[in-house]
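*Asks:* Below are the structure tokens for one structure; questions will follow.
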Amino acid sequence: MKKRNNPLRLTLSYVLLIIIAVVSVYPVLWIFLSSLRPGAALFSERLWPEAFTLSHYGELFNNPSFMYGRWYLNTLKIAFFTMIFSTLMVTLGMYALSRFRFRGRQTILSTMLILGMFPSFMSMIAIYIILLQIKLLDTHAALILVYSSGAVLGGFIVKGFFDTIPRSLDEAARIDGASHLRVFTSIILPLSKPMLTYVALTSFTGAWMDFIFARLVLRTKENWTLAVGMWDLVNRYQDSNFTMFAAGAVLIAIPITLLFVFLQRFLVQGLTTGASKG
């Protein structure tokens, strides 16, 4: 009976995977082909355009009222520094909570767990007022600071990964005279490449795609990120620039797609290992 069920189960699995693949790939293909379609409307009776053009990509960078190149560099800068600071803060903080035993440790873990249950936008008004008082409103430093600090609250998977590393390695290094910093840099970090990749990718992706907080903080057009600028494109011009919007969306997806393609192996390994023990 089991042998008879195996072919049927395998067939249903492949059918389900094919449906998921079509549902996932079709919107991406539609946006890409729309960016190559002449005109300004996305609606078309056929998926495949009758003619192709790259004029929408050129208009993104040549339109004087649409500073796509400037916004691209702004977003890249914010995402890069957020990735660096988030990775540093999360790894150091979770290493301390994983390896050291000190008064208040359990309280810190419980507080982080409770705060992580609430949606982040609940604190936006308070963060906005704080940034206004310290004169960081409408600056990229404000976004980097908030993104990097918020990443620490989601560091439990990193702590779980550090918990899987045998403490005997630390103890052997300490017996040989290594300091805690030397143990962290020479033993823990080389063993944590998958987890570092996971933290770096998620931090970069979060900062790259965020719209709500960037829209709240950034006021001047020169400081906007891609998400805010693209929203303004369709909000201000309504339906007259959707093909240019599609071209901009394709360019936005390129850095993240390349990162996930080249670092996918480390990402999967970091997720599975970090979730195995907490």
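*Asks:* Between THR82, THR111, THR87, THR53, which is of a type in the set (Val, Ile, Thr) and in contact with a Phe, Trp or Tyr (Cβ under 6 Å, 6 or more places away or on another chain)?
*Replies:* It is THR82.
Residue-by-condition table, conditions (1) open to solvent by less than 40 Å² (accessible area, probe 1.4 Å); (2) outside any helix (DSSP H, G or I); (3) in contact with a Gly (Cβ under 7 Å, 6 or more places away or on another chain); (4) within 25 Å of ILE212 (Cα to Cα):
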{"residue": "MET112", "(1), (2), (3), (4)": "yes, no, no, yes"}
{"residue": "PHE118", "(1), (2), (3), (4)": "no, yes, no, yes"}
{"residue": "LEU143", "(1), (2), (3), (4)": "yes, no, no, yes"}
{"residue": "VAL158", "(1), (2), (3), (4)": "yes, no, yes, no"}
{"residue": "LEU189", "(1), (2), (3), (4)": "no, no, no, no"}
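*Asks:* In the list VAL217, VAL199, VAL183, VAL228, which residue meets the criterion of being within 23 Å of the chain's Cα centre (by Cα), farther than 17 Å from LYS77 by Cα and β-branched (Val, Ile, Thr)?
*Replies:* VAL199
*Asks:* For LEU251, indicate whether it is modelled with pLDDT under 80, surrounded by fewer than 19 Cβ atoms within 10 Å (Cβ to Cβ) and in a helix (DSSP H, G or I). Walk me through how you get there before you give the answer.
*Replies:* Values: modelled with pLDDT under 80: no; surrounded by fewer than 19 Cβ atoms within 10 Å (Cβ to Cβ): yes; in a helix (DSSP H, G or I): yes.
So LEU251 does not fit the description; no.
*Asks:* One residue is enough: does the range 233-242 have a residue meeting the conditions modelled with pLDDT of 85 or more, farther than 25 Å from LYS135 by Cα and not small (Gly, Ala, Ser)?
*Replies:* Initially, the range 233-242 is screened for residues modelled with pLDDT of 85 or more, giving none.
No, every residue in the range 233-242 fails to be modelled with pLDDT of 85 or more, farther than 25 Å from LYS135 by Cα and not small (Gly, Ala, Ser).
*Asks:* Here's a follow-up. From the list GLY69, GLY104, which residue is loosely packed, with under 12 Cβ neighbours inside 10 Å and closer than 27 Å to PRO255 by Cβ?
*Replies:* The conditions single out GLY69.
Rundown of residues vs (1) in contact with a helix residue (DSSP H, G or I) (Cβ under 8 Å, 6 or more places away or on another chain); (2) within 21 Å of PHE161 (Cα to Cα), yes/no style:
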{"position": "PHE100", "(1), (2)": "no, yes"}
{"position": "ARG103", "(1), (2)": "no, no"}
{"position": "LEU109", "(1), (2)": "yes, yes"}
{"position": "PHE121", "(1), (2)": "yes, no"}
{"position": "MET124", "(1), (2)": "yes, no"}
{"position": "TYR128", "(1), (2)": "yes, no"}
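*Asks:* Here are LEU47, LEU16, LEU29: which of them is at pLDDT below 80, within 27 Å of ILE256 (Cβ to Cβ) and either not basic (Lys, Arg) or not in a loop (DSSP other than H, G, I, E, B) (or both)?
*Replies:* LEU47
*Asks:* Kindly provide the set of residues from the range 224-239 that are open to solvent by 40 Å² or more (accessible area, probe 1.4 Å) and on the phi < 0 side of the Ramachandran plot, ordered by number.
*Replies:* TRP231, ASN235, ARG236, TYR237, ASP239
*Asks:* Among the residues in the range 73-89, are any open to solvent by 90 Å² or more (accessible area, probe 1.4 Å), of a type in the set (A, V, I, L, M) and under 30 Å from ASN62 (Cα atoms)?
*Replies:* Within the range 73-89 (the criterion being open to solvent by 90 Å² or more (accessible area, probe 1.4 Å), of a type in the set (A, V, I, L, M) and under 30 Å from ASN62 (Cα atoms)), the answer is yes, since at least one residue qualifies.
*Asks:* Which numbered condition in (1) in contact with a Leu (Cβ under 7 Å, 6 or more places away or on another chain); (2) surrounded by 16 or more Cβ atoms within 10 Å (Cβ to Cβ) is the only one that ASP138 fails?
*Replies:* Condition not satisfied by ASP138: (2).
*Asks:* Can you pull out every residue in the range 145-156 that is part of a helix (DSSP H, G or I) and not β-branched (Val, Ile, Thr)?
*Replies:* Within the range 145-156, LEU145, TYR147, SER148, SER149, GLY150, ALA151, LEU153, GLY154, PHE156 meet the criteria.
Yes/no matrix, rows are residues, columns are (1) modelled with pLDDT of 90 or more; (2) touching a Cys at 6+ places or on another chain (Cβ under 6 Å); (3) over 15 Å from LEU92 (Cα atoms); (4) not hydroxyl-bearing (Ser, Thr, Tyr):
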site	(1), (2), (3), (4)
ILE157	no, no, no, yes
THR164	no, no, yes, no
ALA178	no, no, yes, yes
PRO190	no, no, no, yes
PHE204	yes, no, yes, yes
ALA207	yes, no, yes, yes
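*Asks:* Select from the range 74-110 the residues that are in a helix (DSSP H, G or I) and small (Gly, Ala, Ser) and write down the one among them that is farthest from LEU259 (Cα to Cα).
*Replies:* From the range 74-110, those in a helix (DSSP H, G or I) are 74-99, 105-110; that's our starting set.
Those still in the list that are small (Gly, Ala, Ser) too: 79, 86, 93, 96, 98, 110.
Details: ALA79: 13, SER86: 17, GLY93: 25, ALA96: 29, SER98: 29, SER110: 33 Å.
Only one residue tops the list, namely SER110.
*Asks:* Sort through LEU181, LEU201, LEU169 and tell me the only one that's under 24 Å from PHE81 (Cα atoms), in a helix (DSSP H, G or I), open to solvent by 40 Å² or more (accessible area, probe 1.4 Å) and not acidic (Asp, Glu).
*Replies:* LEU181
*Asks:* Here is a follow-up. Please name all residue pairs, on different chains or six or more residues apart, with Cβ atoms under 7 Å, provided the first residue is in the range 50-70 and is in a helix (DSSP H, G or I) and the second residue is of a type in the set (A, V, I, L, M) and at pLDDT 80 or above.
*Replies:* Between residues of the range 50-70 that are in a helix (DSSP H, G or I) and residues that are of a type in the set (A, V, I, L, M) and at pLDDT 80 or above, the close pairs are HIS56/MET244; HIS56/ALA247; TYR57/ALA247; GLU59/MET244; LEU60/MET244; LEU60/ALA247; TYR68/LEU60.
The values are calculated or read from the model by the stated rules, or taken from the named source; none is laboratory data. Every value quoted in this text rests on a predicted model; they were computed, and no experiment measured them. Neighbour counts are summed over all protein chains in view; Cβ atoms, including those assigned to glycine, are modelled from backbone coordinates with ideal geometry. For accessibility, only protein heavy atoms count, side chains too; no ligands or nucleic acids. Shrake-Rupley method; radii C 1.70, N 1.55, O 1.52, S 1.80 Å.
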